[in-house]
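The values are calculated or read from the model by the stated rules, or taken from the named source; none is laboratory data. Given the structure is predicted, the values throughout are model-derived calculations rather than measurements. Neighbour counts run over all protein chains shown; Cβ positions are idealised from the backbone, glycine included. These area figures cover heavy atoms from the full protein model, side chains too; ligands, DNA and RNA do not enter into them. Shrake-Rupley method; radii C 1.70, N 1.55, O 1.52, S 1.80 Å.
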Amino acid sequence: PVPVPAAAGEESPVEGGPPDHSYSLSSGTTSEELLRKLNEQRDIIALLEVKMKEMKGNIRRLRLAEAQLREEIREKDRLLHAASAGTRKRHGL
């Protein structure tokens, strides 16, 4: 028998399987394998979401710590400035 070309817009099957594209799955992929792969991807996404929430919490804590440290530095600078101004006055500078 002579192969009949596929009509416009139709894909010609390869040995009864899906068209052979780089993005297609192999014709031997079972629904169980697809479900397993899907579940693996969902697990990875769930883990990444947990990690992302942890990182957001860490960033929040680091920003608070940074703000506290900046406030401490401002307070120490103010005290040093006041002390040095007092020293200058005592020595007549």
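The fraction of accessible area contributed by carbon and sulfur in the range 30-92 is 61 percent, rounded to a whole number (1.4 Å probe; ligands and nucleic acids excluded). Among LEU38, ALA83, LEU62, whose Cα projects farthest towards the positive end of the dipole of the range 30-92, with charges put on the beta-carbon of Lys, Arg (+1) and Asp, Glu (-1)? Positive-most Cα among the choices belongs to ALA83. With the simple spin-label model, which puts each label point 7 Å out from Cα in the Cβ direction, the ILE73 to LEU34 separation comes to 5.7 nm.
What size of dipole, in debye to the nearest 20, comes out for the range 30-92 about its Cα centre when the only charges are +1 on Lys and Arg C-beta atoms and -1 on Asp and Glu C-beta atoms?
For this selection, approximately 760 debye.
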